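The values are calculated or read from the model by the stated rules, or taken from the named source; none is laboratory data. Just so it is clear, the structure is predicted and the values come from calculations on it, not from any experiment. Note: ideal-geometry Cβ built from the backbone for every residue, glycine included; neighbour counts use all protein chains shown.
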Amino acid sequence: MKLPRTYYTPTSLFGSIMAAASALIIIFFMIAMTLFKGEESGSYVGIFIYIILPVFLIIGLILIPVGMSR
């Protein structure tokens, strides 16, 4: 499947990379927290997973159509 030509702007590509990386990091940390539940995990990891990383995911997703419209 070929994406529209307007997708291949630097802003859209940066947003895609940012959103994908953020989603993969969120998934990685969720799996890590599940596997190492018995050990003491930092109390700030939850804040990082559920508040900080989703902000970058949303910004990346917003950058995709912004880059396509320019």
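The table that follows gives values for the structure above.
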{"quantity": "Whichever residue in the stretch 3-53 is without any contact (Cβ under 8 Å) to a residue 40 or more places away in the chain and hydroxyl-bearing (Ser, Thr, Tyr) and, among such residues, is nearest to Arg70 (Cα to Cα)", "calculated": "Tyr8"}
{"quantity": "Qualifying positions in the stretch 4-19 - more than 13 Å from the chain's Cα centre (by Cα), in a helix (DSSP H, G or I) and among the hydroxyl-bearing types (Ser, Thr, Tyr)", "calculated": "Thr6, Tyr7, Tyr8, Thr11, Ser12"}
{"quantity": "The stretch 31-48, residues that are assigned to a helix (DSSP H, G or I) and loosely packed, with under 12 Cβ neighbours inside 10 Å", "calculated": "Ile31, Thr34, Leu35, Tyr44, Ile47"}
{"quantity": "Check on Ile51, hydrophobic (A, V, I, L, M, F, W, C), assigned to a helix (DSSP H, G or I) and modelled with pLDDT of 95 or more", "calculated": "no"}
